[in-house]
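Below is one structure, written out as structure tokens, with a few remarks after it.
The values are calculated or read from the model by the stated rules, or taken from the named source; none is laboratory data. Keep in mind it's a predicted model, so treat the numbers as computed, not measured. Quick reminder, even Gly has a Cβ in these numbers, built from the backbone with ideal geometry, and neighbours come from all protein chains shown. Side chains are part of the model used for accessible areas, which takes the heavy atoms of the whole protein and leaves out ligands, DNA and RNA. Shrake-Rupley method; radii C 1.70, N 1.55, O 1.52, S 1.80 Å.
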Amino acid sequence: MSLRRLPWALLAVLVLAQICYPLTGGATRAGLTVATVVLGWLLSVGHALLTRGARAATALVAVVTGGGFAVEAVGVATGFPFGSYDYSGELGPKLAGVPLIIPLAWTWMAWPAWLTAVRLTRSRAARVALAAVGLAAWDLFLDPQMVAEGYWTWRDATPALPGLPGIPVSNYLGWLGFAVLLAVALRPLAGPAVDRVDGRDAPMFTLYLWTYASSVLAHAVFLRLPASALWGAAGMAMAAVPLAVVLWRARRDRAAAPAPVPRVDAPA
């Protein structure tokens, strides 16, 4: 297998794992959750390494994985900026009260969210804003799902969004604010290579759109969490829907473009 195809292979395994998730339960589901997060981290970091080089991949890990762990450790210890919460022991080993897979999850989605923002925006400010929203909106799916599984609990879950009891609004606002900081820090550290997209980024765009569509379906049908299906659908739509439209138009335009005329050399 060529390295160019590796992200597609990892994406296929990730999709299969996510399809299996609602069909399992208990310890099997918890183990599958951990495996899925690790796969997602490998996919995004591996893609960054293969397409943008070591500097971009190192920056992604340092900013999002490292920063994500730091803010989670502060959150568990102090209740800032998300609110007071505790993790159960079902998500594997912990450090400073934080399961080690948690910062991996944010890295998994931060990279496709960033590339989506690059594809859709021109100005630096708009890029940071859309990347942050595209990442933080995923938590409208993630937190209700994980709380329902008992993977973490909130000590004070008020005020909460309508239909999403058990999770304070401060959680979503905290992740939005932190996502802005991640997006601001990524570009200077990763270098100019992360300000461009090309055909090599198709697996990441597919990952973002798959995450959006499959999360809506899973929450609405399989996980019986209709409120988070609606909130997540509305939140991630701000990035996912424009991305889908832009990609569809680009494909339509390529299909409509006239075929190149073969060159015919004049006889000598």
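Within segment 92-143, the set of residues being assigned to a helix (DSSP H, G or I), open to solvent by 10 Å² or more (accessible area, probe 1.4 Å), closer than 23 Å to V169 by Cα and touching an Asp or Glu at 6+ places or on another chain (Cβ under 8 Å) comprises I102 only.
In the set (1) at negative phi; (2) not in a helix (DSSP H, G or I), R224 fails one condition alone, (1). Test G89 against the criterion of being surrounded by fewer than 16 Cβ atoms within 10 Å (Cβ to Cβ) and not in a helix (DSSP H, G or I), and give yes or no. Here the answer is yes, as G89 does meet what is asked.
Checked against the criterion of being surrounded by 16 or more Cβ atoms within 10 Å (Cβ to Cβ), free of Cβ contacts under 8 Å to residues at least 40 places away in the same chain and of a type in the set (A, V, I, L, M), the candidates A57, A77, A70 yield just one match: A57. Tallying residues that are touching a helix residue (DSSP H, G or I) at 6+ places or on another chain (Cβ under 7 Å), among the aliphatic types (A, V, I, L, M) and open to solvent by 50 Å² or more (accessible area, probe 1.4 Å) within segment 180-206 yields 3. The set of residues in segment 153-179 that are buried (at least 19 other Cβ atoms within 10 Å of the Cβ) and over 20 Å from L135 (Cα atoms) comprises W154, A157.
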